[in-house]
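Enquirer: This is the structure I want to talk about, given as structure tokens.
The values are calculated or read from the model by the stated rules, or taken from the named source; none is laboratory data. Here the structure is a predicted model, which means the values were calculated and not measured. Quick reminder, even Gly has a Cβ in these numbers, built from the backbone with ideal geometry, and neighbours come from all protein chains shown.
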Amino acid sequence: MVGKFWKALMAQINKLANFFWQADPIAQMQLEYDNTVEQLKEGREGLEQYRALVERVSRQVRSDEKRVSDLTARVKSYLTANDRGTAGKFAIELKHAQDEQKENEGQLRLHETSYQNYLTKIQHATRKLNELQGKIHTYDAELKMSAAEAEVAKLAQSFDFDVTTDFGQLESVIQQKIDLNRAKVRVAGDLSGQGIAEIEAEKRMEETQAEDLLRQFEVDMGLKTPETAGVKSQEKALGGTVSEPTAEQKESALKEIEKQIGT
């Protein structure tokens, strides 16, 4: 019973972990990146300490080389002086120094090889981290862009402008109102110009009639001749002669003109 309860609990915890894992994968990748960076920092510190050990062994090897060189010179010197006893003592010491030198040289080669291996691994991990950082930025941008495209696609699908939809019907009503308003403006414009041409024509006709009457008046009053006034009598228009109007005709014409022009 306890085992089943424990498995069920772990299953729910795993389900919850998967939910948060999938909720924001970019954040999870960034977390993994940050953790790896911290591990690399620790690895670099360890590598620095290891390099310090390599430097100590290297210094010891150089010290051994100097000691072996000094002991070799002493052995040769005492042999030259025919002091074999002292030469033998330094020969034994030289043998110990040579053994220590070989051991330290072996340790130095081992540590150098290990250091280079660790260095190569850390350098490789650093390059991978740089690539991972670039991928994180790329994935983040692509994920945001794809999410935006999905939202736009969903929005475009919901905004169906077909006339069969409610939105399409509302759009049709709006267009009808726009057409009606434009029609009102057109009718008002057309009505505002109605009869203008007739009024202008009538005005021009009245001006022409008034000018003709004035010319006739000038002829009747003897102020101008018909030729200078540009007035032709009916007889002249028919090819006959023009007779001078009598005083009664002039008086009658003047009254008729005053009656027409209202003066």
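Enquirer: State whether one or more residues within segment 53-72 are aliphatic (A, V, I, L, M) and exposed (fewer than 12 other Cβ atoms within 10 Å of the Cβ).
Expert: no
Enquirer: Right, next: Which members of segment 73-90 meet the condition of being in a loop (DSSP other than H, G, I, E, B) and exposed (fewer than 11 other Cβ atoms within 10 Å of the Cβ)?
Expert: Hits for segment 73-90 are Ala81, Asn82.
Enquirer: Looking at Leu53, is it at pLDDT 90 or above and out of contact with any strand residue (DSSP E or B) (no Cβ under 7 Å at 6 or more places or on another chain)?
Expert: no
Enquirer: Would you check if there is a residue in segment 21-40 being at pLDDT 85 or above, among the β-branched types (Val, Ile, Thr) and in contact with a helix residue (DSSP H, G or I) (Cβ under 6 Å, 6 or more places away or on another chain)?
Expert: Within segment 21-40 (the criterion being at pLDDT 85 or above, among the β-branched types (Val, Ile, Thr) and in contact with a helix residue (DSSP H, G or I) (Cβ under 6 Å, 6 or more places away or on another chain)), the answer is no, since none of the residues qualifies.
Enquirer: How many residues are acidic (Asp, Glu) and under 34 Å from the mean Cα position of the chain (by Cα) when one looks only at segment 100-136?
Expert: 1
Residue by residue, here is whether (1) surrounded by 11 or more Cβ atoms within 10 Å (Cβ to Cβ); (2) at pLDDT 60 or above; (3) assigned by TED's automatic domain parsing to the domain that holds Met29 holds:
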position: Lys135; (1), (2), (3): yes, yes, yes
position: Asp140; (1), (2), (3): yes, yes, yes
position: Met145; (1), (2), (3): no, yes, yes
position: Glu149; (1), (2), (3): no, yes, yes
position: Val152; (1), (2), (3): no, yes, yes
position: Thr165; (1), (2), (3): yes, no, no
position: Gln169; (1), (2), (3): yes, yes, no
position: Val173; (1), (2), (3): no, yes, no
